[in-house]
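Notes for the one structure printed next.
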Amino acid sequence: MIVKRKTILQIVTLGMNDLQNRFTLSINTKIRIMNKKIIIAGGSGFLGQHLRAYFSNLGYEIIILSRGKSQGVFRQWDAKTLGAWATELEGAQALINMTGRTVDCRYNEKNKAQILNSRIDSTRILGEAVRACTQPPKFWFNSSTATIYQHTEGDAPA
C-alpha cells in the first residue's frame with residue numbers, strides 16, 4: 001500500500017508539473033503573439049503591399065521602412081544611414097529587405113550603378129542596425145529583383 005501512495009503522489013506531482021509547464025508555455029506563447037512585429041524595408045511596392053496584408057491578417061504588426069509615404073505604419077529612411085527607424089528592429093520577429101531601385105528602366109551605366117548600389121547600401125545599413133540591437137530580429141530575409149523585361153540597353157525610354 002505504501003508503494004501505491006508514493007506512486008499516486010508521484011503521479012500527482014508529475015501532473016502538477018505538467019500543468020505548470022503547460023500554463024507557462026501558454027503564457028509565453030501569448031506574450032510572443034502579442035509582440036509579433038515584422039519590419040519590411042522597401043515594402044511600399046506591389047510585393048510589400050501583399051506581404052503587409054498577408055502578415056497583418058495573421059496578427060502581426062507591420063512596420064514599413066520607406067523613402068516616401070506608405071500605407072499602414074511606416075518609418076522614414078533613406079536606405080543609406082542609421083536613423084530613428086533602426087529602433088523598430090528591436091525585438092522584431094522578422095526583417096524583410098526588398099529595397100532597391102526599380103529595374104524597369106534602360107540598362108545604361110548610371111541606372112545599372114543605381115540598381116546595384118541601392119541594394120548594397122540598404123543591406124549594409126540594415127546589417128549595422130541589426131548588429132546594434134540587443135534583441136535583433138529572429139529572421140532576416142533579403143530579396144532582390146530579377147527582371148522579366150526584354151533586355152534594354154542605351155538611353156531610350158524603356
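The values are calculated or read from the model by the stated rules, or taken from the named source; none is laboratory data. Quick caveat, the model's predicted, so the values are computed rather than measured. Remember, those area values only see protein heavy atoms, side chains included, never the ligands or the DNA or RNA. Shrake-Rupley method; radii C 1.70, N 1.55, O 1.52, S 1.80 Å.
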Sequence of T145, T99 from largest to smallest accessible area, 1.4 Å probe = T145, T99
ask   = At a probe radius of 1.4 Å, what is the per-residue accessible area of D78, in Å² to the nearest 10?
value = 70 Å²
request  = Please calculate how many Å² of accessible area the stretch 57-110 carries per residue, with a 1.4 Å probe and no DNA, RNA or ligand atoms counted.
outcome  = 53 Å²
task = Classify the stretch 100-149 as rounded, prolate or oblate from the Cα gyration tensor: take a ≥ b ≥ c as the square roots of its eigenvalues, call it rounded if a/c is under 1.5, otherwise prolate when a/b beats b/c and oblate if not.
result = oblate
task = Order the following by accessible area, largest value first: R52, R124. Probe radius 1.4 Å; ligands, DNA and RNA are ignored.
result = R124, R52
note = Full extension between I120 and D78 adds, at 0.36 nm per residue less the Cα distance, a length in nm of 13.8 nm
